[in-house]
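Only one structure is covered here, and it is reproduced in the block below.
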Amino acid sequence: MPRSSATNHELARIELLAGLPGETLVELGRRMEREEIPPGRTVVREGDRGDRFYVVFAGMLSVTSSVMGPREVLRPGDYFGEVALAMDMPRTATVSAITPAVIASCDRATFDELLRPLFADD
């Protein structure tokens, strides 16, 4: 199956990314891998090494942690995976699809180059 990228139109609907310059969104979209996730599939597992940043285009995903239990439900427009990348630490939660979902992700190099400044104030 050919690798599918994300469109800048899809990325612009993610509030976090909406303020990025158009050319940055185009480049980000080119580098992001889009995937359809069936219900029940785990996308990231707590404690694993974090090497990708994700955005949610469709569906719902649950976020759970061993310490805090169920934490939240991610919906279209949400994102996850930034903590492990920005702070260079293991995944802080497990994220699994509740419904069929469409997500897109980028690797650490793309995150560092194009997205890290968005998290500089945290």
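The one condition from (1) charged (D, E, K, R); (2) on the phi > 0 side of the Ramachandran plot; (3) buried (at least 18 other Cβ atoms within 10 Å of the Cβ) that R52 does not meet is (2). In the set (1) outside any strand (DSSP E or B); (2) loosely packed, with under 15 Cβ neighbours inside 10 Å, the condition left unmet by L85 is number (2).
Quick one: would you say V67 is more than 17 Å from D112 (Cα to Cα) and surrounded by fewer than 13 Cβ atoms within 10 Å (Cβ to Cβ)? For V67, the condition - more than 17 Å from D112 (Cα to Cα) and surrounded by fewer than 13 Cβ atoms within 10 Å (Cβ to Cβ) - is met.
One line per residue, one yes/no per condition, for (1) under 24 Å from L20 (Cβ atoms); (2) touching a residue at least 40 places away in the same chain (Cβ under 8 Å); (3) assigned to a helix (DSSP H, G or I); (4) not aliphatic (A, V, I, L, M):
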{"residue": "S62", "(1), (2), (3), (4)": "no, no, no, yes"}
{"residue": "S96", "(1), (2), (3), (4)": "no, yes, no, yes"}
{"residue": "F111", "(1), (2), (3), (4)": "yes, yes, yes, yes"}
{"residue": "L115", "(1), (2), (3), (4)": "yes, yes, yes, no"}
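Here's the yes/no breakdown for (1) charged (D, E, K, R); (2) farther than 19 Å from V26 by Cα:
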{"site": "Y79", "(1), (2)": "no, no"}
{"site": "V83", "(1), (2)": "no, yes"}
{"site": "A86", "(1), (2)": "no, yes"}
{"site": "P90", "(1), (2)": "no, yes"}
{"site": "V95", "(1), (2)": "no, yes"}
{"site": "A109", "(1), (2)": "no, no"}
{"site": "E113", "(1), (2)": "yes, no"}
{"site": "F119", "(1), (2)": "no, yes"}
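Per the listing R75, R45, the residue uniquely within 20 Å of E10 (Cβ to Cβ), surrounded by fewer than 18 Cβ atoms within 10 Å (Cβ to Cβ) and either at pLDDT 95 or above or among the aliphatic types (A, V, I, L, M) (or both) is R75. A single member of A109, A58, A120 is surrounded by fewer than 20 Cβ atoms within 10 Å (Cβ to Cβ), aliphatic (A, V, I, L, M), within 19 Å of R34 (Cα to Cα) and more than 13 Å from the chain's Cα centre (by Cα), and it is A109. Among residues of region 5-34 being among the acidic types (D, E) and surrounded by fewer than 16 Cβ atoms within 10 Å (Cβ to Cβ), the one that is farthest from the chain's Cα centre (by Cα) is E23.
The values are calculated or read from the model by the stated rules, or taken from the named source; none is laboratory data. What you see is a predicted model, and the numbers here were worked out from it, not measured in a lab. Reconstructed Cβ throughout: ideal geometry from the backbone, glycine too, with neighbour counts over all protein chains shown.
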